[in-house]
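Below is one structure, written out as structure tokens, with a few remarks after it.
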Amino acid sequence: MKKALLIANPKSGKQRIQTELFHIVERLAGAGFATTVVLTEYRGHACELTALAAGYDMLVCTGGDGTLNEVISGVMANGLDMPIGYIPLGSTNDFAGSLGIPGELDGALDNILEGRPVPIDVGSFNGRIFMDVGLLGIFSRTCYETPQDMKNTLGFLAYVLEGIREVPTVHPVPLRIETGDAVYEGEYLACVVSNSRKLGGVVSLSDEQVSLSDGQFELLLVEKDKTPLQLAGYIHALRTANLTAEGMTFVSVPSLRITSSDDQPWTLDGERADWQGTADIRVIPNAVRILMK
């Protein structure tokens, strides 16, 4: 019989895993997998637990995108080569949406049991792994400061409510971005480095705009707004994914260096990431294999 290791975050989303765990194990057993279940107890624990997967045929994680980030980090740190199944039970699950993984439980399980391992790129931020979005500037604090119980209760609305509170305190960040082919320098409301088709649950990008396995990041820069009308234009551009609007830069790059005199924290896959004003960011092509139909 094949073996699967299931890493579950019991606090993600609305704590659904507490009622769904038996069903998940039952479905995996029905497909021929003897499943070992381990529960995370603190931030970073999923990364540590991934070391237990050596010798297993499949690694499955359930929780939010932060849990998947930890699992991918652990797989790479431990040199493991096995397919990863993802059951998204978090508050927003942006990366699951990018991958086309259903948010409905049995659909996600079908995706694992009927899917094939698809290589995807991941990113390195000063050596720290991220697979979805790195964000600096407006709404960045929202991702890691929104209380978990609020996320559990309100889901994405929690991020919106907390983000609205943040807007009056946001100041443009002075940045210099070197991509190898170009240099961008100025004051920006937001800098986004992503390998995702969904940004913050708000911006949805097309397959033509984004590939998750092309060795490229998408870099989005939003310049300091000069008038309230321009800020309103930015909001409309983001809602409609018109990322060529005036004051916005949207390009694909394999690597970049970002420097700033302002060291306010980044957000990487929803978690705070401190820096000292210099970030070397690069793509690691086809770093892990995710099960997808």
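No lab work stands behind these numbers, since they all come straight from the coordinates. Keep in mind the model is a prediction, meaning the values are calculated, not measured. Don't worry about glycine lacking a Cβ; one is built from the backbone with ideal geometry, like all the others, and counts go over all protein chains shown.
Karplus-derived 3J(HN,Hα) values for the stretch 204-217, using 6.51 cos²θ - 1.76 cosθ + 1.60 with θ = phi - 60°, are 10, 9, 8, 4, 5, 7, 9, 10, 8, 9, 10, x, 10, 8 Hz; glycine and proline are entered as x. Less than 5 angstrom separates the built amide H of residue 293 from those of 116, all sequence-distant by 5 or more or on a different chain.
Could the peptides 125-132, 244-251 be put in order, highest first, of the mean number of other beta-carbon atoms found within 10 Å of their residues? Working shown, then result.
Values: 125-132: 19.9, 244-251: 15.1.
Order by mean packing, descending: 125-132, 244-251.
With Cα atoms as the point set, the stretch 2-114 shows a radius of gyration and Dmax of 12.5, 33 Å.
The separation of the stretch 24-62 from the stretch 229-293, counted between C-alpha centres, amounts to 31 Å. Oblate is the label for the stretch 70-137, because the ratio a/c of its alpha-carbon gyration tensor axes (a ≥ b ≥ c) is 1.5 or higher and a/b is not greater than b/c.
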